[in-house]
Amino acid sequence: MPLITGKTQLLGVIGYPVSHSLSPIMQNAALQAMGLDICYVAFPIVPRDLPQAIAGLWSSGIQGLNITIPHKQTVMDELIHLTAIAQQVGAVNTLWRGDTGWQGTNTDVFGFMAPLRHQNRDWSTIIPVVLGNGGAARAVVAGCEQLGCPEAVVVGRSSEKLAQFQRQWEQGAHKILVNIQQWDTSLTSVLSQTQLLVNTTPIGMGHQADYSPIAQDSIRQLPPTAIVYDLIYTPRPTLLLKQAQAHGLVTIDGTEMLIQQGAAALHQWVKKEIPIPIMRDVLLDFLSRNGR
Ligand code: NAP
């Protein structure tokens, strides 16, 4: 436990609930390794209290904040500046102090892309299939755009939410085209042609750990060189990734995205080289010791 003094500075994460957040573990390990007199804590903030909490945290002098569910979109109303990527995604996960108020960005996009950058692919020929149309799906599509994919197929269960996703996407200045597809139709045609399948739904997590968003038969439709990327990081691997591994496909779980979005946020706050291996070790050790 580092010595907390009157000079110790504060960083934190707000969400509701937030006690499950793994960010304090990763961020405090990195802060200690860097020898910084900064402590990172979690604040449970109920949605109706968000404006006063954001203002109060500003007055308290806290140096920066991560934002998690359910505040990633609503917090945007409380900021004086948004980066282009946060505007594109329509969600914010990192705040830092500007001269007169909080500024915000979205590091989930960078985190999502980080493990894909190690894959030697011609992204300009790849049309990813994204399962789910929530907040993470928006970051994923923005990441695919940055990689250079020309188009993405977004698969959802609600035609209304899918249409809204597409409409909002088309309102922005985007290079990537979004096609939407209803979940209950066969995914065979899109799966057989994609080199990247991304799960952004919670199917496979927590009480849904015995479920996969895709049937084993459908996994077999994917080309043998396809990547299957599940944003879920507990359990590791998810049933979807086990199915993909059984079929010999490349798999990526959500841990690296979690680490890299956190490292990008920490860099935004402290402007120093971030000890990413330490964040990775402490996170993987915690997950394995806690049976997740
Ligand atoms: P969200 O905004 O609530 O979106 C979840 C999406 O999943 C929605 O489109 C929802 O559909 C869909 N969905 C939920 N249950 C479904 C079901 N049974 N069948 C079909 N679709 C279903 O949540 P989010 O913020 O995007 O997060 C989604 C997942 O990504 C979570 O598991 C989260 O842990 C993970 N994530 C990981 C990282 C990381 O760093 N690794 C970062 C962010 C998120 P409806 O809209 O129709 O309800």
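Values in this text are rule-based calculations from the coordinates and carry no lab data. Bear in mind the structure is a predicted one, so any value in this text is a computation, not a measurement. No Cβ is skipped: glycine too gets one built from the backbone with ideal geometry, and neighbour counts run over all protein chains shown.
If we count other beta carbons within 10 Å of each Cβ, what is the order of CYS144, CYS39, fewest first?
Ranked by crowding around the Cβ, least crowded first: CYS39, CYS144.
Counting pairs of alpha carbon atoms under 8 Å apart in space and at least six apart in sequence, what relative contact order in percent does segment 1-156 give?
Values: 245 pairs, mean separation 27.5, N = 156.
Taking the mean separation of contacting Cα pairs over the length of segment 1-156, I get 18 percent.
What does the helix-only formula give at 222 nm for the chain: each DSSP H stretch with n ≥ 4 adding -39500 (n - 2.57), the total divided by the residues, and the result rounded to the nearest 500 deg cm²/dmol?
-11000 deg cm²/dmol
Count the net charge of all other residues whose Cβ sits under 15 Å from the Cβ of ARG48, scoring Lys and Arg as +1 and Asp and Glu as -1.
Details: positive: none; negative: ASP49, ASP77, GLU78.
Local charge sum for ARG48: -3.
Quick one: which of 87-98, 265-276, 172-183 comes out on top by average Cβ neighbours within 10 Å, and what's the full order, highest first?
87-98, 265-276, 172-183
How much net charge surrounds LEU177 when only other residues with a Cβ under 11 Å from its Cβ are counted (Lys, Arg +1; Asp, Glu -1)?
Details: positive: LYS175; negative: GLU145, GLU151, GLU170.
Value of the local net charge: -2.
For segment 163-292, what does the alpha-carbon gyration tensor say about shape, rounded, prolate or oblate, given a ≥ b ≥ c as the root eigenvalues, a/c under 1.5 as rounded, and a/b over b/c as prolate? Could you put the intermediate results ahead of the total?
Values: a/c = 2.08, a/b = 1.26, b/c = 1.65.
Verdict is oblate for segment 163-292.
Among all cysteines in the chain, which have no other cysteine Cβ under 4.7 Å from their own Cβ?
So far as the 4.7 Å Cβ criterion goes, CYS39 stand without a partner in the chain.
Give me the percent relative contact order of the chain, please, defined on Cα pairs under 8 angstrom at least 6 residues apart.
For the chain, the relative contact order is 17 percent.
Please work out how much length the chain gains when fully extended from THR225 to ARG48, using 0.36 nm per residue of separation minus the C-alpha to C-alpha distance, in nm with one decimal. Could you put the intermediate results ahead of the total?
Working: separation 177, 0.36 × 177 = 63.72 nm, distance 4.68 nm.
Answer, rounded to one decimal: 59.0 nm.
For segment 197-246 and segment 9-84, what is the separation of their C-alpha centers, rounded to whole Å?
Comparing the Cα centres of segment 197-246 and segment 9-84, I get a distance of 30 Å.
Please figure out what share of the DSSP beta bridges in the chain is antiparallel and state it in percent, rounded to the nearest 5.
Details: 7 of 39 bridges.
Percent antiparallel among DSSP bridges in the chain is about 20.
Checking the a/c ratio against 1.5 first, then a/b against b/c, what shape does the Cα gyration tensor give for segment 5-62?
Oblate is the answer for segment 5-62, as a/c is 1.5 or above yet b/c matches or exceeds a/b.
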